[in-house]
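Visitor: Before I ask anything, here is the structure I am working with.
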Amino acid sequence: MTTAFEIAFGTGAAASARAPARANLLGEHTDYNEGYVLPTPLPFWTGVEVGPGLVADTVEAYSVHFQDRCQRAYGVAKQGDWLDYVAGCIAILRQRGYVVPALRVAVETNIPMGAGVSSSAALEVATLRAIRHFLDLPIDDTELALIGQAAESGYVGMPCGIMDQMVSSLGTLGQALFLDIRTRERRNVPLPAGHRIAVVHSGVSHQLVDGGYKQRVEECHAAAAALGVPWLRDVGPADLARINALPEPLNRRARHQMTENQRVLQAVTALEAHDVVRFGRLMCESHASQRDDYKVSVPAVDALVEAAMRHGALGARLTGGGFGGSIVALVADDAYARWEAAVRAECPACRPL
Ligand code: GLA
């Protein structure tokens, strides 16, 4: 089979790699406050092939998805396009002292864009894996995720946490990955047997760089300062009265952080005890908290969560950065076909992944 690299450059690649999309099951917006998260890789992938380039200090690139051939000299700033994620990875590698020769890069993907399932982290992780392989770089999977995050925050300009790159780099398909962002403790947690983790795009594309994400990050820093703690990770249930006494909207932002971290810990216990009903309830509580306290949902996503529950999901919630994007729902395998048809009928703009 002819690869994307061969189509673009007429020769074979020297190395290739792929990396998955993700859905977050619980622990939303907690990663940039040193909290807990519980994402899982999804069976959608971005593949990156690399080989030696012909133009000094430049990446020549091709994307099958965008049908776009382009190139960018190293040292040139972001341009607001897909190549930013590749160029960002190269820029961070160079910043960290790695010698990156001229490269050719070809990208293909089956990850839906704008669905909030982290196509960007998958592109970063696949790019870095392919370059690591090609140049034989001594970078482990955690460091690789950190370089991807640095590319996205430092080059692309999206001040994201580390969850997406970590699960894309370290997660196992079919398992949830519990991550304590502060201590880097991590472990795989079994997903409920006999149930499906359904991801459904609301039809409203999410927009993070210009959206409210940055504002939430800043509100969290302000709330932590007002509570006298380094990070909102450092408040717990005993601090609820102090949290509630903060001015709006810092009280809501801090309350979401505190309760969401508790829910992640409870969800890990529920999953390990095979208690799907409890896990589903925690998902619904998380959605309510995102909608009412963190205010990252939109009406189309709320309607989709309500339809998902009305038609028999055990739990459903907004997943990812929010302001549009997808929901994740827990549905019994044998009810899935009927559930999907009913949700589609009620929310015609939605797209099950
Ligand atoms: C985006 C970011 C992540 C995380 C989520 C919200 O996906 O990239 O770091 O903050 O939003 O949980």
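Visitor: Tell me, what ³J(HN,Hα) does each residue in the stretch 14-26 have, in order and in whole Hz, if you take phi through Karplus 6.51 cos²θ - 1.76 cosθ + 1.60 with θ = phi - 60° and put x for Gly and Pro?
Guide: Per residue, the Karplus-derived 3J(HN,Hα) values read 8, 7, 8, 7, 9, 8, x, 6, 9, 10, 9, 8, 6 Hz.
Visitor: Next question. For the chain, what % of the accessible area comes from carbon and sulfur atoms, probe 1.4 Å?
Guide: Answer for the chain: carbon and sulfur cover 52 percent of the accessible area.
Visitor: Per DSSP H run of at least 4 residues, take -39500 (n - 2.57); add these up for the chain, divide by its residues and hand me the 222 nm value, nearest 500 deg cm²/dmol.
Guide: My calculation for the chain gives -12000 deg cm²/dmol from helical runs alone.
Visitor: Can you list residues from other chains, or at least 5 along the same chain, whose modelled amide H is less than 5 Å from the amide H of residue 109?
Guide: 47, 65
Visitor: Under a point-charge model restricted to the Cβ atoms of Lys and Arg (+1) and Asp and Glu (-1), what is the dipole moment magnitude of the chain relative to its Cα centre, in debye to the nearest 20?
Guide: Rounded to the nearest 20 debye, it is 240 debye.
Visitor: Given the stretch 4-189 reduced to its alpha-carbon atoms as identical point scatterers, what log10 I(q)/I(0) does the Debye formula return at q = 0.11, 0.13, 0.14 Å⁻¹?
Guide: For the stretch 4-189 at q = 0.11, 0.13, 0.14 Å⁻¹, log10 I(q)/I(0) is -0.43, -0.61, -0.70.
Visitor: Further, regarding this structure: Please report the relative contact order for the stretch 168-266, taking Cα pairs under 8 Å with a sequence separation of at least 6, and give it as a percent rounded to a whole number.
Guide: Value for the stretch 168-266: 17 percent.
Visitor: Tell me the relative contact order for the stretch 4-189 as a rounded percent, counting alpha carbon contacts under 8 Å between residues six or more apart.
Guide: Rounded, it is 30 percent for the stretch 4-189.
Visitor: In a solvent-free Debye calculation with one equal scatterer on each Cα, what is log10 I(q)/I(0) for the stretch 192-352 at q = 0.11, 0.18 Å⁻¹, listed in the order of the q values?
Guide: Calculated log10 I(q)/I(0) at the listed q: -0.48, -1.08.
Visitor: What is the Cα centroid distance between the stretch 299-353 and the stretch 120-148, reported in whole angstrom?
Guide: So the two Cα centres are separated by 33 Å.
Visitor: How much accessible area does residue 181 have with a 1.4 Å probe, in Å² rounded to the nearest 10?
Guide: About 30 Å², ignoring ligands and nucleic acids.
Visitor: Run through every distinct alpha carbon pair of the chain and return the Kirkwood hydrodynamic radius in angstroms, one decimal place.
Guide: Computed over the chain, the radius equals 20.8 Å.
Visitor: In addition: Students sometimes get this wrong: rank 1, 166, 309 by accessible area, probe 1.4 Å, all chains present, largest first.
Guide: 1, 309, 166
Visitor: Going from the alpha-carbon gyration tensor of the stretch 196-265, what semi-axes, largest first and in whole Å, does one get by taking the root of 5 times each eigenvalue?
Guide: Its equivalent ellipsoid spans semi-axes of 26, 17, 10 Å.
Visitor: Could you tell me the accessible area of residue 2 in Å² (1.4 Å probe, neighbours in place), rounded to the nearest ten?
Guide: Here the accessible area works out near 90 Å².
Visitor: For residue 204, what accessible area in Å² do you get when you roll a 1.4 Å probe over the heavy atoms of the protein chains, rounding to the nearest 10?
Guide: Surface open to solvent at residue 204 totals about 60 Å².
Visitor: How long are the three semi-axes of the equivalent ellipsoid for the stretch 1-104, computed from the Cα gyration tensor as the root of 5 times each eigenvalue, in whole Å, largest first?
Guide: Each semi-axis is the square root of five times an eigenvalue, giving 29, 19, 12 Å.
Visitor: Going by a 4.7 Å Cβ-Cβ cut-off, which cysteines of the chain have no partner at all?
Guide: Lone cysteines by the Cβ rule: 70, 89, 160, 220, 284.
The values are calculated or read from the model by the stated rules, or taken from the named source; none is laboratory data. Note that the structure is predicted; figures quoted are calculated from it, not measured. Reconstructed Cβ throughout: ideal geometry from the backbone, glycine too, with neighbour counts over all protein chains shown. Just the protein is used for accessible areas: all its heavy atoms, side chains included, with ligands, DNA and RNA removed. Shrake-Rupley method; radii C 1.70, N 1.55, O 1.52, S 1.80 Å.
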